[in-house]
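Shown next, in C-alpha coordinates, is the structure this report addresses.
The values are calculated or read from the model by the stated rules, or taken from the named source; none is laboratory data. Since we're looking at a predicted model, the values are computed, not measured. Please note: Cβ atoms are built from the backbone with ideal geometry, for glycine as well, and neighbour counts cover all protein chains shown.
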Amino acid sequence: MAVHLRTVTLGALLPRGVPTVPSLATELATWAAELAPDPLDLELADRSLLDTVAVAVAARAEPVVGHALGLSEAARWATAAHVLDFDDLHMRSTTHISVVCLPAVLATGGGAHAYLAAAGVMARLGTALGWPHYTAGWHATTTAGAPAAAVGAGLALGLDAERLATAMALAVPAAGGVQRSFGTDAKSLQVGFAADAGVRAARLAAAGATADASALDSWFELVGGDPSALDLAGPAVPGGLAVKVFPSCYALQRPISALSALAHEQRVNPAEVERIVVRTPKSTVTPLIHHRPDTGLQAKFSLEYAAATALLDDYAGFWSFTDEAVRRTEARRLVELVEVRLGDGGDWLLAGEFEADVHVGGDVFHAREQFPPGSPDRPPTDAELLRKVSDCLAGTDLDPRTITWARAAQILRDHL
(Lines give C-alpha, C1' and ligand atoms only; values in the text may rest on other atoms or scores of the structure.)
Protein backbone atom coordinates (compact mmCIF):
# COMPACT_ATOMS: atom_id res chain seq x y z
CA MET A 1 0.00 0.00 0.00
CA ALA A 2 1.60 3.27 -1.10
CA VAL A 3 2.13 6.12 1.33
CA HIS A 4 0.01 8.43 -0.86
CA LEU A 5 -2.98 6.08 -0.66
CA ARG A 6 -2.61 5.69 3.09
CA THR A 7 -2.55 9.47 3.54
CA VAL A 8 -5.70 9.96 1.47
CA THR A 9 -7.51 7.31 3.52
CA LEU A 10 -6.34 8.81 6.79
CA GLY A 11 -7.47 12.27 5.80
CA ALA A 12 -11.07 11.11 5.96
CA LEU A 13 -10.56 10.35 9.66
CA LEU A 14 -9.36 13.83 10.59
CA PRO A 15 -11.28 17.10 11.07
CA ARG A 16 -10.98 19.83 8.43
CA GLY A 17 -7.83 21.87 8.71
CA VAL A 18 -5.87 19.17 10.57
CA PRO A 19 -2.69 18.05 8.74
CA THR A 20 -3.01 14.64 7.09
CA VAL A 21 0.46 13.43 8.11
CA PRO A 22 -0.46 10.22 9.97
CA SER A 23 0.79 9.29 13.38
CA LEU A 24 2.34 5.86 13.77
CA ALA A 25 -0.77 4.57 15.57
CA THR A 26 -3.12 5.94 12.90
CA GLU A 27 -1.03 4.47 10.11
CA LEU A 28 -0.93 1.00 11.69
CA ALA A 29 -4.58 1.13 12.74
CA THR A 30 -5.68 1.98 9.21
CA TRP A 31 -3.62 -0.88 7.80
CA ALA A 32 -5.17 -3.26 10.34
CA ALA A 33 -8.74 -2.11 9.65
CA GLU A 34 -8.26 -2.57 5.90
CA LEU A 35 -6.47 -5.93 6.06
CA ALA A 36 -7.94 -8.59 3.75
CA PRO A 37 -6.24 -11.91 4.65
CA ASP A 38 -5.41 -14.31 1.84
CA PRO A 39 -5.45 -18.15 2.12
CA LEU A 40 -1.78 -18.30 3.19
CA ASP A 41 -2.43 -15.75 5.92
CA LEU A 42 -5.36 -17.80 7.18
CA GLU A 43 -3.29 -20.97 7.10
CA LEU A 44 -0.69 -19.29 9.31
CA ALA A 45 -3.45 -18.14 11.66
CA ASP A 46 -4.85 -21.67 12.03
CA ARG A 47 -1.40 -23.14 12.73
CA SER A 48 -0.69 -20.42 15.28
CA LEU A 49 -3.99 -21.12 17.03
CA LEU A 50 -3.26 -24.85 17.30
CA ASP A 51 0.32 -24.30 18.44
CA THR A 52 -0.44 -21.59 21.01
CA VAL A 53 -3.48 -23.24 22.59
CA ALA A 54 -1.65 -26.56 22.86
CA VAL A 55 1.35 -24.93 24.53
CA ALA A 56 -0.91 -23.07 26.97
CA VAL A 57 -2.73 -26.27 27.94
CA ALA A 58 0.62 -28.02 28.45
CA ALA A 59 1.50 -25.42 31.10
CA ARG A 60 -1.66 -25.89 33.15
CA ALA A 61 0.22 -27.30 36.18
CA GLU A 62 3.03 -24.72 36.16
CA PRO A 63 3.20 -22.77 39.46
CA VAL A 64 3.07 -19.38 37.74
CA VAL A 65 -0.26 -20.31 36.14
CA GLY A 66 -1.64 -20.69 39.65
CA HIS A 67 -0.11 -17.39 40.69
CA ALA A 68 -1.93 -15.72 37.79
CA LEU A 69 -5.42 -16.95 38.72
CA GLY A 70 -6.45 -13.49 39.89
CA LEU A 71 -5.57 -11.89 36.57
CA SER A 72 -7.81 -11.39 33.53
CA GLU A 73 -8.39 -14.17 31.00
CA ALA A 74 -6.04 -12.60 28.48
CA ALA A 75 -3.29 -12.28 31.10
CA ARG A 76 -3.74 -15.82 32.41
CA TRP A 77 -3.79 -17.39 28.96
CA ALA A 78 -0.76 -15.44 27.77
CA THR A 79 1.19 -16.29 30.91
CA ALA A 80 0.41 -19.99 30.49
CA ALA A 81 1.26 -19.97 26.79
CA HIS A 82 4.66 -18.38 27.42
CA VAL A 83 6.00 -19.96 30.63
CA LEU A 84 7.31 -23.07 28.85
CA ASP A 85 8.98 -20.89 26.20
CA PHE A 86 7.51 -23.17 23.57
CA ASP A 87 5.47 -20.55 21.70
CA ASP A 88 6.17 -19.22 18.21
CA LEU A 89 8.53 -16.38 17.28
CA HIS A 90 8.70 -13.73 14.58
CA MET A 91 12.37 -13.67 13.60
CA ARG A 92 12.65 -10.17 12.12
CA SER A 93 11.23 -8.48 15.20
CA THR A 94 12.44 -11.00 17.80
CA THR A 95 8.93 -11.09 19.25
CA HIS A 96 6.68 -13.91 20.37
CA ILE A 97 3.67 -12.76 18.43
CA SER A 98 0.95 -15.33 19.00
CA VAL A 99 1.36 -15.51 22.78
CA VAL A 100 0.29 -11.86 23.08
CA CYS A 101 -2.11 -11.49 20.17
CA LEU A 102 -4.09 -14.72 20.43
CA PRO A 103 -5.10 -14.39 24.11
CA ALA A 104 -6.15 -10.77 23.58
CA VAL A 105 -8.26 -11.70 20.56
CA LEU A 106 -9.81 -14.84 22.06
CA ALA A 107 -10.67 -13.06 25.32
CA THR A 108 -12.70 -10.50 23.36
CA GLY A 109 -14.46 -12.96 21.06
CA GLY A 110 -12.35 -12.40 17.97
CA GLY A 111 -11.15 -14.77 15.26
CA ALA A 112 -8.52 -15.24 12.59
CA HIS A 113 -8.91 -11.79 11.01
CA ALA A 114 -8.41 -9.91 14.29
CA TYR A 115 -5.45 -12.14 15.15
CA LEU A 116 -3.75 -11.54 11.79
CA ALA A 117 -4.22 -7.79 12.06
CA ALA A 118 -2.73 -7.76 15.56
CA ALA A 119 0.09 -10.07 14.49
CA GLY A 120 0.85 -7.88 11.49
CA VAL A 121 0.99 -4.75 13.61
CA MET A 122 3.24 -6.47 16.15
CA ALA A 123 5.58 -7.80 13.45
CA ARG A 124 5.91 -4.38 11.83
CA LEU A 125 6.19 -2.43 15.05
CA GLY A 126 8.76 -4.87 16.45
CA THR A 127 10.78 -4.84 13.24
CA ALA A 128 10.86 -1.04 13.26
CA LEU A 129 11.97 -1.09 16.90
CA GLY A 130 14.84 -3.19 15.60
CA TRP A 131 17.72 -5.23 16.94
CA PRO A 132 19.23 -2.27 18.89
CA HIS A 133 16.02 -2.12 20.94
CA TYR A 134 16.34 -5.82 21.80
CA THR A 135 20.06 -5.69 22.55
CA ALA A 136 19.49 -2.69 24.82
CA GLY A 137 17.70 -5.13 27.13
CA TRP A 138 14.04 -4.55 26.26
CA HIS A 139 11.72 -7.55 26.00
CA ALA A 140 10.38 -6.75 22.54
CA THR A 141 7.48 -9.19 22.94
CA THR A 142 6.01 -6.97 25.62
CA THR A 143 6.99 -3.57 24.24
CA ALA A 144 5.58 -4.23 20.77
CA GLY A 145 2.95 -6.55 22.19
CA ALA A 146 0.78 -4.19 24.21
CA PRO A 147 -0.16 -1.87 21.29
CA ALA A 148 -0.62 -4.87 18.98
CA ALA A 149 -2.91 -6.59 21.48
CA ALA A 150 -4.98 -3.40 21.57
CA VAL A 151 -5.47 -3.69 17.80
CA GLY A 152 -6.53 -7.34 17.96
CA ALA A 153 -8.90 -6.80 20.86
CA GLY A 154 -10.21 -3.60 19.29
CA LEU A 155 -11.09 -5.31 16.01
CA ALA A 156 -12.76 -8.12 17.95
CA LEU A 157 -14.85 -5.44 19.69
CA GLY A 158 -15.75 -3.78 16.39
CA LEU A 159 -13.65 -0.62 16.62
CA ASP A 160 -12.95 1.44 13.50
CA ALA A 161 -9.49 2.69 12.56
CA GLU A 162 -9.78 5.91 14.55
CA ARG A 163 -10.74 4.06 17.73
CA LEU A 164 -8.02 1.45 17.09
CA ALA A 165 -5.44 4.23 17.03
CA THR A 166 -6.81 5.52 20.32
CA ALA A 167 -6.58 2.03 21.80
CA MET A 168 -2.93 1.76 20.75
CA ALA A 169 -2.19 5.07 22.43
CA LEU A 170 -3.98 3.92 25.59
CA ALA A 171 -1.77 0.82 25.64
CA VAL A 172 1.46 2.86 25.63
CA PRO A 173 1.83 3.03 29.45
CA ALA A 174 2.05 -0.79 29.52
CA ALA A 175 4.47 -1.14 26.59
CA GLY A 176 7.46 -2.17 28.71
CA GLY A 177 9.28 -5.29 29.93
CA VAL A 178 12.96 -6.19 30.21
CA GLN A 179 15.13 -9.22 29.49
CA ARG A 180 16.46 -9.34 33.04
CA SER A 181 13.22 -11.18 33.84
CA PHE A 182 14.31 -14.14 31.70
CA GLY A 183 14.55 -17.35 33.71
CA THR A 184 11.95 -16.18 36.27
CA ASP A 185 8.15 -16.07 36.55
CA ALA A 186 8.30 -12.39 35.62
CA LYS A 187 9.03 -13.20 31.97
CA SER A 188 5.76 -14.98 31.31
CA LEU A 189 3.85 -12.65 33.64
CA GLN A 190 4.98 -9.53 31.78
CA VAL A 191 3.76 -11.16 28.56
CA GLY A 192 0.43 -11.62 30.32
CA PHE A 193 0.45 -7.97 31.36
CA ALA A 194 0.97 -6.93 27.71
CA ALA A 195 -1.99 -8.98 26.49
CA ASP A 196 -4.16 -7.66 29.32
CA ALA A 197 -3.11 -4.07 28.62
CA GLY A 198 -4.22 -4.42 25.01
CA VAL A 199 -7.64 -5.71 26.00
CA ARG A 200 -8.03 -3.03 28.65
CA ALA A 201 -7.05 -0.28 26.20
CA ALA A 202 -9.45 -1.56 23.54
CA ARG A 203 -12.35 -1.68 25.97
CA LEU A 204 -11.60 1.83 27.16
CA ALA A 205 -11.49 3.08 23.57
CA ALA A 206 -14.79 1.30 22.88
CA ALA A 207 -16.29 3.05 25.91
CA GLY A 208 -15.26 6.45 24.53
CA ALA A 209 -11.98 7.14 26.32
CA THR A 210 -9.74 9.56 24.45
CA ALA A 211 -5.99 9.68 23.84
CA ASP A 212 -3.55 11.47 21.57
CA ALA A 213 -2.60 8.93 18.90
CA SER A 214 0.85 10.52 18.61
CA ALA A 215 1.63 9.20 22.10
CA LEU A 216 2.74 6.03 20.32
CA ASP A 217 5.21 8.10 18.26
CA SER A 218 6.66 9.64 21.44
CA TRP A 219 7.05 6.25 23.10
CA PHE A 220 8.52 4.79 19.92
CA GLU A 221 11.22 7.44 19.82
CA LEU A 222 12.02 7.04 23.52
CA VAL A 223 12.65 3.30 23.18
CA GLY A 224 14.84 3.71 20.10
CA GLY A 225 12.51 2.85 17.22
CA ASP A 226 13.13 3.84 13.61
CA PRO A 227 9.97 5.22 11.92
CA SER A 228 11.56 4.88 8.49
CA ALA A 229 11.75 1.11 9.02
CA LEU A 230 7.96 0.77 9.18
CA ASP A 231 6.86 -1.20 6.11
CA LEU A 232 3.19 -1.97 5.50
CA ALA A 233 3.82 -4.04 2.38
CA GLY A 234 3.75 -7.82 2.11
CA PRO A 235 1.62 -10.52 3.72
CA ALA A 236 -0.15 -10.14 7.04
CA VAL A 237 2.91 -11.39 8.92
CA PRO A 238 6.04 -10.64 6.84
CA GLY A 239 8.55 -13.47 7.01
CA GLY A 240 6.14 -15.85 8.70
CA LEU A 241 6.53 -17.34 12.16
CA ALA A 242 9.06 -19.79 13.57
CA VAL A 243 7.56 -22.76 15.41
CA LYS A 244 9.67 -24.15 18.23
CA VAL A 245 10.53 -27.84 18.30
CA PHE A 246 12.14 -27.66 21.77
CA PRO A 247 10.55 -25.98 24.86
CA SER A 248 13.21 -23.32 25.36
CA CYS A 249 14.34 -19.89 24.20
CA TYR A 250 14.54 -19.65 20.43
CA ALA A 251 18.27 -18.96 20.69
CA LEU A 252 18.68 -22.58 21.86
CA GLN A 253 16.77 -24.22 19.01
CA ARG A 254 19.81 -24.29 16.73
CA PRO A 255 22.39 -25.51 19.28
CA ILE A 256 20.10 -28.28 20.52
CA SER A 257 19.21 -29.38 17.00
CA ALA A 258 22.83 -29.44 15.81
CA LEU A 259 24.26 -31.23 18.83
CA SER A 260 21.36 -33.69 19.09
CA ALA A 261 21.94 -34.71 15.47
CA LEU A 262 25.65 -35.14 16.15
CA ALA A 263 25.02 -37.22 19.28
CA HIS A 264 22.69 -39.55 17.40
CA GLU A 265 24.79 -39.86 14.26
CA GLN A 266 28.07 -40.44 16.10
CA ARG A 267 26.53 -42.37 19.00
CA VAL A 268 28.33 -40.15 21.46
CA ASN A 269 28.56 -41.49 25.01
CA PRO A 270 28.06 -38.39 27.22
CA ALA A 271 30.14 -39.96 30.00
CA GLU A 272 33.17 -39.98 27.67
CA VAL A 273 32.89 -36.34 26.54
CA GLU A 274 35.97 -34.36 27.63
CA ARG A 275 35.43 -30.96 26.05
CA ILE A 276 32.76 -29.03 24.13
CA VAL A 277 33.73 -25.96 22.12
CA VAL A 278 30.91 -23.95 20.56
CA ARG A 279 31.26 -21.05 18.13
CA THR A 280 28.47 -18.66 17.21
CA PRO A 281 28.01 -14.95 16.41
CA LYS A 282 27.60 -12.74 19.46
CA SER A 283 24.08 -11.65 18.52
CA THR A 284 22.78 -15.22 18.76
CA VAL A 285 23.37 -15.46 22.51
CA THR A 286 21.81 -12.12 23.52
CA PRO A 287 19.01 -13.67 25.64
CA LEU A 288 21.18 -16.51 27.00
CA ILE A 289 21.98 -14.96 30.36
CA HIS A 290 22.27 -18.07 32.57
CA HIS A 291 25.61 -19.87 32.28
CA ARG A 292 25.32 -22.19 35.29
CA PRO A 293 21.56 -22.76 35.58
CA ASP A 294 20.04 -24.25 38.70
CA THR A 295 16.38 -24.34 37.66
CA GLY A 296 14.43 -25.42 34.61
CA LEU A 297 13.42 -21.84 33.86
CA GLN A 298 17.03 -20.68 33.92
CA ALA A 299 18.06 -23.61 31.72
CA LYS A 300 15.78 -22.34 28.96
CA PHE A 301 18.23 -19.40 28.63
CA SER A 302 21.52 -21.29 28.95
CA LEU A 303 23.72 -22.18 25.98
CA GLU A 304 25.83 -24.39 28.21
CA TYR A 305 22.84 -26.41 29.36
CA ALA A 306 21.57 -26.68 25.77
CA ALA A 307 24.77 -28.52 24.92
CA ALA A 308 24.34 -30.80 27.91
CA THR A 309 20.73 -31.77 27.24
CA ALA A 310 21.40 -32.26 23.53
CA LEU A 311 24.09 -34.83 24.34
CA LEU A 312 22.27 -36.48 27.25
CA ASP A 313 18.66 -36.74 26.13
CA ASP A 314 17.17 -38.52 23.13
CA TYR A 315 14.75 -35.60 22.80
CA ALA A 316 15.10 -32.31 24.65
CA GLY A 317 11.45 -32.11 25.64
CA PHE A 318 9.54 -30.99 28.70
CA TRP A 319 11.40 -33.16 31.20
CA SER A 320 14.78 -31.89 30.03
CA PHE A 321 13.87 -28.42 31.32
CA THR A 322 12.76 -29.40 34.81
CA ASP A 323 14.71 -28.57 37.95
CA GLU A 324 15.45 -32.27 38.38
CA ALA A 325 16.96 -32.60 34.92
CA VAL A 326 19.06 -29.46 35.26
CA ARG A 327 20.50 -30.67 38.58
CA ARG A 328 21.62 -34.05 37.25
CA THR A 329 25.24 -34.75 38.12
CA GLU A 330 26.03 -35.63 34.51
CA ALA A 331 24.33 -32.45 33.24
CA ARG A 332 26.33 -30.25 35.62
CA ARG A 333 29.54 -31.98 34.51
CA LEU A 334 28.84 -31.33 30.84
CA VAL A 335 27.89 -27.70 31.50
CA GLU A 336 31.34 -27.15 33.00
CA LEU A 337 32.97 -28.56 29.86
CA VAL A 338 31.42 -26.02 27.50
CA GLU A 339 33.66 -23.31 26.07
CA VAL A 340 31.78 -20.54 24.24
CA ARG A 341 33.62 -18.60 21.54
CA LEU A 342 31.66 -15.65 20.18
CA GLY A 343 32.29 -14.22 16.74
CA ASP A 344 31.80 -10.62 15.70
CA GLY A 345 28.75 -9.34 13.87
CA GLY A 346 25.21 -10.53 13.59
CA ASP A 347 21.95 -8.73 14.17
CA TRP A 348 19.49 -11.54 14.87
CA LEU A 349 19.21 -14.89 16.64
CA LEU A 350 20.07 -16.98 13.57
CA ALA A 351 22.98 -14.89 12.32
CA GLY A 352 25.80 -16.85 10.70
CA GLU A 353 26.10 -20.48 11.72
CA PHE A 354 26.32 -22.40 14.95
CA GLU A 355 29.34 -24.71 15.13
CA ALA A 356 30.54 -27.10 17.82
CA ASP A 357 33.42 -29.49 18.40
CA VAL A 358 32.79 -32.35 20.82
CA HIS A 359 35.96 -34.03 22.08
CA VAL A 360 35.61 -37.71 22.97
CA GLY A 361 38.83 -39.58 23.68
CA GLY A 362 41.08 -38.97 20.72
CA ASP A 363 38.18 -38.06 18.43
CA VAL A 364 36.70 -34.66 17.68
CA PHE A 365 33.17 -34.61 16.27
CA HIS A 366 31.99 -31.49 14.46
CA ALA A 367 28.46 -30.08 14.20
CA ARG A 368 27.20 -27.04 12.32
CA GLU A 369 23.79 -25.62 11.48
CA GLN A 370 22.24 -22.42 10.20
CA PHE A 371 18.48 -22.93 10.27
CA PRO A 372 16.92 -25.18 12.93
CA PRO A 373 13.76 -27.21 12.32
CA GLY A 374 10.65 -25.08 12.66
CA SER A 375 12.28 -21.88 11.37
CA PRO A 376 10.66 -20.08 8.40
CA ASP A 377 13.52 -21.32 6.22
CA ARG A 378 12.96 -24.88 7.45
CA PRO A 379 9.25 -25.07 8.32
CA PRO A 380 8.07 -27.77 10.71
CA THR A 381 6.89 -30.94 9.02
CA ASP A 382 3.42 -32.23 9.77
CA ALA A 383 5.06 -34.96 11.84
CA GLU A 384 7.11 -32.47 13.89
CA LEU A 385 4.08 -30.29 14.58
CA LEU A 386 1.92 -33.30 15.47
CA ARG A 387 4.58 -34.59 17.87
CA LYS A 388 4.75 -31.23 19.58
CA VAL A 389 0.98 -30.81 19.88
CA SER A 390 0.54 -34.39 21.06
CA ASP A 391 3.19 -33.89 23.76
CA CYS A 392 1.46 -30.69 24.84
CA LEU A 393 -1.98 -32.29 25.07
CA ALA A 394 -0.79 -35.46 26.86
CA GLY A 395 -2.93 -36.16 29.91
CA THR A 396 -6.00 -34.45 28.45
CA ASP A 397 -8.86 -35.74 26.32
CA LEU A 398 -8.34 -32.97 23.76
CA ASP A 399 -8.20 -33.87 20.09
CA PRO A 400 -6.11 -31.36 18.08
CA ARG A 401 -8.96 -31.21 15.56
CA THR A 402 -11.19 -29.62 18.21
CA ILE A 403 -8.89 -26.60 18.61
CA THR A 404 -10.78 -24.23 16.34
CA TRP A 405 -11.45 -20.51 16.45
CA ALA A 406 -14.99 -21.22 17.61
CA ARG A 407 -13.91 -23.43 20.50
CA ALA A 408 -10.46 -22.18 21.51
CA ALA A 409 -11.58 -19.72 24.20
CA GLN A 410 -13.74 -22.33 25.94
CA ILE A 411 -10.89 -24.87 25.80
CA LEU A 412 -8.65 -22.40 27.58
CA ARG A 413 -11.34 -21.62 30.15
CA ASP A 414 -11.80 -25.33 30.83
CA HIS A 415 -8.10 -26.07 31.27
CA LEU A 416 -6.72 -22.89 32.78
Tell me yes or no: at least one residue of region 164-180 is in contact (Cβ under 8 Å) with a residue 60 or more places away in the chain, touching a strand residue (DSSP E or B) at 6+ places or on another chain (Cβ under 6 Å) and either buried (at least 23 other Cβ atoms within 10 Å of the Cβ) or under 29 Å from Gln298 (Cβ atoms) (or both).
no
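Out of everything in region 251-295 that is hydroxyl-bearing (Ser, Thr, Tyr) and in contact with a Leu (Cβ under 9 Å, 6 or more places away or on another chain), what residue ends up being nearest to Pro373 (Cα to Cα)?
The extreme case among them is Ser260.
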Which condition number in (1) modelled with pLDDT under 95; (2) charged (D, E, K, R); (3) outside the structural domain of Ala59 (by TED's automatic domain parsing); (4) surrounded by fewer than 13 Cβ atoms within 10 Å (Cβ to Cβ) is the one that Arg378 fails?
(4)
Inside region 200-303, counting only helices (runs of 4 or more DSSP H) that do not spill past its ends, which hold 1 or more residues that are free of Cβ contacts under 8 Å to residues at least 12 places away in the same chain and at negative phi?
215-222, 253-266
Out of Pro270, Pro281, Pro255, Pro235, report the one residue that is buried (at least 22 other Cβ atoms within 10 Å of the Cβ), modelled with pLDDT of 95 or more and either outside the structural domain of Arg332 (by TED's automatic domain parsing) or over 19 Å from Arg387 (Cβ atoms) (or both).
Pro255
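Residues are listed down the side, and each one gets a yes or a no for (1) of a type in the set (S, T, N, Q); (2) touching a Ser or Thr at 6+ places or on another chain (Cβ under 9 Å); (3) within 19 Å of Phe182 (Cα to Cα):
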residue	(1), (2), (3)
Asp294	no, no, yes
Gln298	yes, yes, yes
Phe321	no, yes, yes
Leu342	no, yes, no
Gly345	no, yes, no
Glu353	no, yes, no
Asp363	no, no, no
Ser375	yes, no, no
Thr381	yes, no, no
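Quickly run through region 349-370 and pick out the residues that are part of a loop (DSSP other than H, G, I, E, B) and surrounded by fewer than 16 Cβ atoms within 10 Å (Cβ to Cβ). It would help to see each step written out before you state the result.
Within region 349-370, the first condition is being part of a loop (DSSP other than H, G, I, E, B), and the residues that meet it are 349-353, 361-362, 370.
Of everything in region 349-370, those that are part of a loop (DSSP other than H, G, I, E, B) and surrounded by fewer than 16 Cβ atoms within 10 Å (Cβ to Cβ) turn out to be Gly361, Gly362, Gln370.
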State whether the residues of region 135-146 include one that is in a helix (DSSP H, G or I), assigned by TED's automatic domain parsing to the domain that holds Leu204 and surrounded by fewer than 24 Cβ atoms within 10 Å (Cβ to Cβ).
yes
Hits in region 72-92 - residues which are at pLDDT 95 or above, not in a helix (DSSP H, G or I) and not charged (D, E, K, R):
Ser72, Leu84, Phe86, Leu89, His90
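Yes/no matrix, rows are residues, columns are (1) more than 29 Å from Thr184 (Cα to Cα); (2) in contact with a Gly (Cβ under 6 Å, 6 or more places away or on another chain); (3) touching a residue at least 12 places away in the same chain (Cβ under 8 Å):
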site: Leu334; (1), (2), (3): no, no, yes
site: Arg341; (1), (2), (3): no, no, yes
site: Leu350; (1), (2), (3): no, no, yes
site: Val360; (1), (2), (3): yes, no, yes
site: Phe371; (1), (2), (3): no, no, yes
site: Gly374; (1), (2), (3): no, no, yes
site: Arg387; (1), (2), (3): no, no, no
site: Ser390; (1), (2), (3): no, no, no
site: Thr404; (1), (2), (3): yes, no, yes
Among residues of region 107-134, those that are closer than 19 Å to Ala45 by Cα and either modelled with pLDDT under 95 or surrounded by fewer than 24 Cβ atoms within 10 Å (Cβ to Cβ) (or both), counted
4
Checking the structure you have, find out if any residue of region 59-75 is buried (at least 24 other Cβ atoms within 10 Å of the Cβ), among the hydroxyl-bearing types (Ser, Thr, Tyr) and in the same structural domain as Val191 (by TED's automatic domain parsing).
no
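What about Ala80, is it touching a residue at least 40 places away in the same chain (Cβ under 8 Å), closer than 18 Å to Met122 by Cα, of a type in the set (A, V, I, L, M, F, W, C) and surrounded by 24 or more Cβ atoms within 10 Å (Cβ to Cβ)?
Details: touching a residue at least 40 places away in the same chain (Cβ under 8 Å): yes; closer than 18 Å to Met122 by Cα: no; of a type in the set (A, V, I, L, M, F, W, C): yes; surrounded by 24 or more Cβ atoms within 10 Å (Cβ to Cβ): yes.
For Ala80, the condition - touching a residue at least 40 places away in the same chain (Cβ under 8 Å), closer than 18 Å to Met122 by Cα, of a type in the set (A, V, I, L, M, F, W, C) and surrounded by 24 or more Cβ atoms within 10 Å (Cβ to Cβ) - is not met.
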